[in-house]
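The values are calculated or read from the model by the stated rules, or taken from the named source; none is laboratory data. This structure is a prediction, so every number in the text was calculated from the model and none was measured. Glycine also receives a Cβ, built like all others from the backbone with ideal geometry; neighbour counts cover every protein chain displayed. For the accessible areas, the whole protein counts, side chains as well, though only heavy atoms, and no ligand, DNA or RNA atoms are used. Shrake-Rupley method; radii C 1.70, N 1.55, O 1.52, S 1.80 Å.
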Amino acid sequence: MDTATLEDMRTALRGPVIGPQDAGYDQARKIYNAMIDKRPAALVPCADAADVMAAVTYVRDHGLELAVRGGGHSGPGLCLVDDGVTIDLSPMRWVRVDPEARTAEVGGGSHLGDLDHATQAFGLATPTGIISMTGVGGLTLGGGHGYLTRKYGLTVDNLIAADVVLADGGFVTASETEHPDLFWALRGGGGNFGIATSLTYRLHPVGTVGAGVTVWPVESTREVLAWYREFLPQAPDDVYGFFTVLV
């Protein structure tokens, strides 16, 4: 992207456009995995779906490469793109809980900790991951599993609707009754179908969740996993576990 296109983008879009020469550039491109050092030509923080629609339209019309940043927790750094445009949803960090309907609508830039904090005030939760800084959107659209998964399913199993900005800049709500093909796609059909600006989840009654760590010598890995394979299918659905092997 040349300087003229960057300046034109700043004129065309309502919100800020952060370029390589701006003081906040390095902070704006920083993500959870510090080994990733990609350098977008521009980062566009979006405050709402209208900002996303405008940014997508501009990127498409000018033939630019595009990446989308939600929580910025992507291990391989898919939320950044060298010499292209990163649409940054981090300003869209909000949660609205309906305790009667047991649902939560969540902004596309929200973190798991935001969702847990808002829902636990009502004794409710939905299955999510295990790191509070993980982005809700990326985790959900990748499947998502955590402490509540054996009882209540994957995160995406509890997704009941998503607001999506499409590649043509249009906006739709996808659910089982509205654009069901897109909803199917978002729930495991693949990727790159659009940008989820908000997601709505089914909630479940959840009280205190206990967690513990057991540490074993690495040479016992085969024995421990064999035991767990026999144990877990007979355990209550409230029991969940995962493993990390450190060599």
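Values computed for the structure shown
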quantity	calculated
Within the accessible area of region 95-205 (1.4 Å probe), percent carbon and sulfur	52
Region 19-39 and region 73-103: distance between their alpha carbon centers, rounded to Å	17
Net +/- balance of residues flanking Val172 in space, Cβ distance below 10 Å, scoring K and R +1, D and E -1	-2
Net charge of neighbours whose Cβ lies under 14 Å from the Cβ of Ile36, counting Lys and Arg as +1 and Asp and Glu as -1	+2
For the chain: accessible area per residue (Å², 1.4 Å)	55
Where N is the number of residues in region 95-205, Cα Rg divided by 2.2 N^0.38 Å	0.99
Expected 222 nm ellipticity per residue - DSSP helices of 4 or more, -39500 (n - 2.57), all of the chain, to 500	-6500 deg cm²/dmol
Most positive-pole-ward Cα, Gly170, Val81, Gly113, against dipole of the chain from beta carbon charges	Gly113
Cα-based shape type of the chain, given that a ≥ b ≥ c are square roots of the gyration tensor eigenvalues and the cut on a/c is 1.5	prolate
Accessible surface of region 1-50 [probe 1.4 Å, protein heavy atoms]: carbon and sulfur percent	53
Dipole magnitude of the chain, debye to nearest 20 (Cβ charges: Lys/Arg +1, Asp/Glu -1, about Cα centre)	500
With at most 13 neighbouring Cβ atoms within 10 Å, loop GluC sites (Glu not before Pro) (DSSP) excluded, longest segment of the chain	1-99
Mean separation of Cα contacts under 8 Å, 6 or more apart, over the residue count of region 114-247: relative contact order %	25
